[in-house]
Every structure is written in C-alpha cells, then in structure tokens.
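First the structure, in the form of structure tokens, and then the observations on it.
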Amino acid sequence: MTICLPHVKNVTNFLIGGKMQYIKILAIAVVFFGFANVSSAQVTASHNVTIVVPTVNLISVSGDVTITVGAPAGAGSDFTDGTASGSYSVTTNESGQKITAQLSADYASGITLSASLSSIGGGTAAASTPLSTVAADLLTGMNAVSDTGTISYVASATAAAAANGAGETRAVTYTLTS
Amino acid sequence: MRIYTLIIPAVLIISASSFAPQRANGQLYFGTTGGNVTLQVGQPVAAGLDPTPAESSSSGLFWILSPVLTSKIIVTSVAPGQSFQLFLSASNISSGNSAGEVQLTDGMLPADLVVNVRRLGLFGSATLNYRAEAPAELGNSASQGDDVHTVIFTWTAQ
C-alpha cells in the first residue's frame, strides 16, 4: 500500500497544520499500510465491446456485351460461334449460396446464348449453359466470399437463323440466392 | 492532537474507497468512460468488396494519481466464440504514448496499449479507438451471433 505524500500533506495542512503533525501522520500511515511495492501495483478496469455484422449478399456484373457470330464455313453449315467475356463481383457472408442467370426474353429461333462463370468462393461452376427465360444455375455451393470472377459467353446460330441486322438485345439477369 | 493522527489516515482511506473506479494501494483511481461500446459493421461499398469496418471513439480511460513515476496500460480481451476482428488503439493521451494498434483476440496475452505514462498531474485520460472488421469469409451475426468482448485494461508499473 502506497501513500501519496503530496495528497497527505495537503489534507493535514488543511485540517491541523504543522510539520510535526504531518510527520506523525506519515509515520502512522506507514505502520498501517507498510511500504508499497509499487512495481507490483496493478489496477484493472473493463468494459464490453459488441460487434454486430449484418447479412450481406451483393452481386454486380460488368458492362454490356455485343457478340457477332461468324459466317458459316460452308453452304449448309451453322454459323461460327461468337464469344465474349465479362466479369462479375460478389460479396456474400453466407455459405451455400448460388448464382443463377436468365434472359429477359428468348432470342429468335436458331440463336442461342450460353454462359459460364469462373468459380469463386469454392463454388462448383456449371459448364457453358444455354440461357432462357428460366433461371439456370451457373455456380453453386459457394462459401462466404468477396471476389470477382469471369463470365464467358458463347453465341451460336444455326444455319436456319435469319439475319437480324443490328442484332437482338436481351438482358441477362444474374441472381445471388440461397 | 493525537486524535487527528488517527482520524486523518482513516479519512483518507474512506474518501479514497468512495470512488467508483478501482484503486491500487489507496491512491490510483483507474476506470473507463463512455460505457460499453457497440460496433455495427456496414454493407460493402460495392459487390466484391468486404463489409465496411465499424469504428468508435466514444469511450476512454481515465486515472487519478499515478502511484509510480512511470506506468503503462496493458490490454487483453475475453471473447468466447469470437468470429470477427477487433482492433484498439489509444489517442489523446494526457501523459504517455500510444503503443500502437492492438488486435484483440479471445484469451490473448496482455499487450501494451499506453506506455510511458508519467505522473505529470493529478488526472490523466486517453481516448479508446475501436475498429471492427468482418471480411465476408468470417460470416455474419445472424449465423454466428454477435461478438462480445470483455476488454480488460490493467494499469501497471513500467
């Protein structure tokens, strides 16, 4: 137990004054409490800190894509596939999520757009999958992750597909879901 | 006169023990201010990025009458089932130096938070700066529950 000398001095001067009294008080205090081992003096204080983390599920894709299929290799042959790529980004802090994709409307008869995703979050990527107005699983079994992957598109057209001028535009919607 | 020599030490003891903060050797008063802290991690700025860290400087430490000429404050944490990341540093220290940022983990060994605390005046204080991070792979509170740290500060001789 340590005694703070300046503090004691102030109080004693205030109450009784006199140097002798001050010395007496110090002597008694030392008897009461002994000399302090200040090197081992420790005091603790504490409080609680709580961390709250919301559920996060975000997905975004890169900009628009235009794909031009190539001319058939010969009469009666299908058009040569056209390819393009994009990227997608995901943040999810839930496990077991998947990504689906679907078209806003089907392309004209004979034209098919297929897509595949590179794997992120340890998910299982499906092979290049023809897209339609029904959602198709492109990546399943994802773990919680924040990352960016690649989208690979393949556009194909049969020999029966009609020329479509400037092209047909469809929205491809990607959904991150459980 | 003899009566005063008995009363005054007793008065000193009683007055000292009436302070809420803890004390050591009848002369150090050491405690936290601002109460408990809650850190709410935010949504990511964009997909592909981790959730936004949460920060708080709403709490602090204060002390009255350092018992030794040079002291330090060390910190540890108890957080059973900890899932997320918590960091702490001290600033606005009235008499001492920050030991830098400390990552608080459950059952960690005590780490220096403030060093070279000198007995320059009767009172001293410091601001506590907390930062919580929850990279996506660490999950969320809905599945794992909130992290609750009991952060323990110890004043000790340096």
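All of the numbers you see were taken from the coordinates with simple rules; none came from a lab. Just so it is clear, the structure is predicted and the values come from calculations on it, not from any experiment. FYI the Cβ positions are ideal-geometry reconstructions off the backbone, even for glycines, and counts take in every protein chain you see.
Scanning segment B:82-111 for residues that are under 24 Å from residue B:42 (Cα atoms), surrounded by 17 or more Cβ atoms within 10 Å (Cβ to Cβ) and not aliphatic (A, V, I, L, M) gives B:82, B:83, B:84, B:85, B:89.
If you go through segment A:129-144 and pick out every residue that is surrounded by fewer than 21 Cβ atoms within 10 Å (Cβ to Cβ) and assigned to a strand (DSSP E or B), you end up with 6. Picking from B:58, B:94, B:98, which residue would you name as being closer than 30 Å to residue A:146 by Cβ and either hydroxyl-bearing (Ser, Thr, Tyr) or free of Cβ contacts under 8 Å to residues at least 12 places away in the same chain (or both)? Checking each option against the conditions leaves just B:58. Selection of segment B:38-60 for residues being more than 7 Å from chain A (Cβ to nearest Cβ) and either part of a strand (DSSP E or B) or among the β-branched types (Val, Ile, Thr) (or both) yields B:42, B:45, B:52, B:54, B:55, B:56, B:57, B:58, B:60.
Those strands (runs of 3 or more DSSP E) of segment B:66-158 in which 1 or more residues are out of contact with any Phe, Trp or Tyr (no Cβ under 8 Å at 6 or more places or on another chain) and among the polar types (S, T, N, Q) occupy B:70-78, B:85-91, B:111-118, B:123-133, B:147-157. For segment A:130-155, which positions are in contact with a Gly (Cβ under 8 Å, 6 or more places away or on another chain), away from every other protein chain (no Cβ under 14 Å) and not aliphatic (A, V, I, L, M)? A:140, A:141, A:153, listed by residue number. Scanning segment A:102-128 for residues that are loosely packed, with under 15 Cβ neighbours inside 10 Å and assigned to a strand (DSSP E or B) yields a single hit, A:124.
Screening residue B:114 against (1) away from chain A (no Cβ under 12 Å); (2) surrounded by fewer than 17 Cβ atoms within 10 Å (Cβ to Cβ) leaves a single unmet condition, (2).
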